[in-house]
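Chemist: Quick one: structure below, then a few questions.
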Amino acid sequence: MKFEDAVKKSIKAFMQGKTPRATDEMSEGGIFHTPEYFDELEEMILGEVKEEESVDEDV
Amino acid sequence: MKMFDAPIAGANYAADTRNYPWHRPPDIVDYDEGVDYLITKMKEPDQLELVFSLLEIDAQVTTVVSSLLMQGISRGKFSIDLAVLMAGPVARYISIIADEQDIKYDMGVGEKDRVSITPTSLKMALGIYDEEETLEVLEEAPVVAIPEGGLMGAPAEDESASEDEQAAMLGMVEEEEPTDELA
């Protein structure tokens with residue numbers, strides 16, 4: 001398997017909500033950068049953008 | 001001849017493997033630390049411009065992530081194994097910032113075959129490369145004449161030495177015994 005194929009497989013798994021289990025078990029409080037974290041980050045960043053757009057429309 | 005293409009036995013013990021960053025222990029071994037490093041790196045203006053530019057010329061997110069990870073590996077920042085693990089979060093972050101900037105992108109994890117990005121295709125997409133110009137250059141390439149004569153030149157057919165001369169050059173002729181001039 002080529003490096004690019006491994007990267008593609010890893011991205012696909014992460015997008016399906018899977019996280020590296022062994023790495024998660026090894027770290028004390030579990031891993032921080034989970035799919036849920038990025039969902040919240042997306043909401044926060046894109047939410048801010050939508051708010052800015054609605055403010056512009058009101059003005 | 002193939003047996004001579006292999007490295008000399010024990011060459012690995014003699015080579016200085018500390019010459020390359022990826023031969024030394026990586027700087028980052030923690031998953032979260034690595035993801036943080038890449039996200040911070042991507043926030044740099046030049047890196048951000050590069051990511052957006054690649055996405056705008058229809059490069060897939062997987063290709064962009066691969067190149068970012070390869071960059072880190074080549075600099076000895078993290079190992080290949082950790083890089084593969086970090087690919088998911090990095091791709092997700094790129095998708096978020098691309099959405100924020102209203103840039104359309106293809107994740108590249110679908111079943112359809114991807115078009116590989118090569119230096120030539122990138123040059124063509126950026127308008128650096130002119131196909132017609134290159135074809136003209138190829139057509140006009142001068143034909144180099146084979147030099148004749150001189151020590152290093154190819155010998156002409158009629159210039160080859162006679163069989164006696166060749167035998168003499170190879171030392172296959174019996175040398176004449178020196179005659180004693182005093183006798």
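Chemist: Quick check for me: using +1 on Lys/Arg Cβ and -1 on Asp/Glu Cβ, what's the dipole size of the range B:30-124 about its Cα centre, in debye to the nearest 20?
Modeler: Here the range B:30-124 has a charge dipole of around 320 debye.
Chemist: Quick one: go through the range B:44-67 and flag any residue whose amide nitrogen is under 18 Å from the point 7 Å out along the Cα-to-Cβ line of A:Phe32.
Modeler: Correct set: B:44.
Only the coordinates and a few stated rules stand behind these numbers; no lab work does. Note that the structure is a prediction, hence the values are computed from the model and not measured. Note that each Cβ is placed from the backbone with ideal geometry, even for glycine, and that neighbours are counted across all protein chains shown.
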